[in-house]
Amino acid sequence: MVGTASAGDFTACSQFFANGKPPVVPVRAEMLPRPLCFSAFAVLHSGKSRTPIYVAERLNRALLLDARDGQRTNEFFADARLPRGERAELEDYQGSGFDRGHLAPAGDMATPESMAQSFSLSNVVPQYPVNNRKAWATIEKATRRYVMRASGDVFVITGPVFDSNPPTIGSHRVWVPQHLFKLVYDPATSRAWAHWLDNRDDATPGRPLNYEELVSRTGIEFLPGMK
């Protein structure tokens, strides 16, 4: 059975979505989708993959200026709001060879609370280490540079893309993504584009995708009624 994540799922944190409207996602019931609200981002989590389906943020220059002084906690934790059978655990990543790759980056977090929350395993995916620390970090920094120049709020949605038979890590079989994407939408200019990166250590950032291409590749309508 296929359903969609409705706007009502995120009523407690609708501020992280453009016009308060979360993406329309064709999510199968067996993916066990659960919305999670944090102080600085929102997660649609899958209990099947034990990763986010996507993570949404609202960024602006003032927030990023505050984030510059943030101290990383580096204390990852399993999200206790998720049933044990639907979440990644710390031991799943231990000895796996993969980084715990943030989707809402620690570098975006403007308060100690949001910084600590960003280390929830519900906000990370298994990511190849060089990919996480170099190519993906370059994309995160480019996104922050754009937000610092923007005239107002910028909405960012980040997520994994899996192949039809994804590899897994740990005893809980956390899915390893084949690709990662980061959508950037600036309402002031009505522009939207997406970074797309293979989850490999030798991957390099390429030319950004237009919005329509990202929707075609993922099947997700990220900006319903707006693009």
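Keeping all protein chains in place and using 1.4 angstrom, which order do Phe76, Phe119 fall into by accessible surface area, from largest down? Kindly include the intermediate steps, with their values, before the conclusion.
Working: Phe76 35, Phe119 0 Å².
Largest accessible area first, the list is Phe76, Phe119.
Rounded to the nearest Å, what's the spacing between the alpha carbon centres of region 12-45 and region 148-210? Just the number, please. Their Cα centres are 16 Å away from one another. Heavy-atom accessible surface of Leu64, to the nearest 10 Å², is about 10 Å², with a 1.4 Å probe and all protein chains retained.
Close amide-amide hydrogen proximity is noted between Trp193 and Val184, each under 5 Å apart and 5 or more residues distant or on a separate chain (H modeled in the peptide plane; Pro and chain starts excluded). The accessible-area ordering, largest first, of the residues Trp136, Trp196 stands as Trp196, Trp136, per a 1.4 angstrom probe. Taken per residue, the accessible surface of region 34-123 reaches 41 Å², heavy atoms only and a 1.4 Å probe. For the chain, adding -39500 (n - 2.57) for each run of n ≥ 4 DSSP H residues and dividing by the number of residues yields -4500 deg cm²/dmol at 222 nm.
Remark on Leu82: its backbone amide H falls under 5 Å from none of the residues 5 or more positions apart or on other chains, H modelled at 1.01 Å from N. Each residue of region 26-33 was assigned a 3J(HN,Hα) from its phi angle through the Karplus expression (A = 6.51, B = -1.76, C = 1.60, θ = phi - 60°), giving x, 9, 6, 4, 5, 6, 6, x Hz with x at Gly and Pro.
Shape call for region 136-188 from the C-alpha gyration tensor, a ≥ b ≥ c root eigenvalues: rounded (a/c under 1.5), prolate (a/b greater than b/c) or oblate? Display every interim value, and only then the final one.
Working: a/c = 3.63, a/b = 2.85, b/c = 1.27.
Prolate shape, in that a/c is at least 1.5 and a/b is the bigger ratio.
The figure for Leu90 is an accessible area of roughly 60 square angstrom, using a 1.4 Å probe on the protein chains alone. A probe of 1.4 angstrom, applied to the heavy atoms of all protein chains, finds Ile139 with accessible area near 10 square angstrom.
Backbone phi angles across region 15-24, fed through the Karplus curve with coefficients 6.51, -1.76 and 1.60 (θ = phi - 60°), yield HN-Hα couplings of 5, 8, 10, 4, 6, x, 10, x, x, 9 Hz in residue order; Gly and Pro are listed as x.
The values are calculated or read from the model by the stated rules, or taken from the named source; none is laboratory data. Bear in mind that the values here come from a model prediction, so they are computed numbers and not experimental data. Just so you know, the surface numbers come from the protein's heavy atoms only, side chains and all, with ligands and any DNA or RNA stripped out. Shrake-Rupley method; radii C 1.70, N 1.55, O 1.52, S 1.80 Å.
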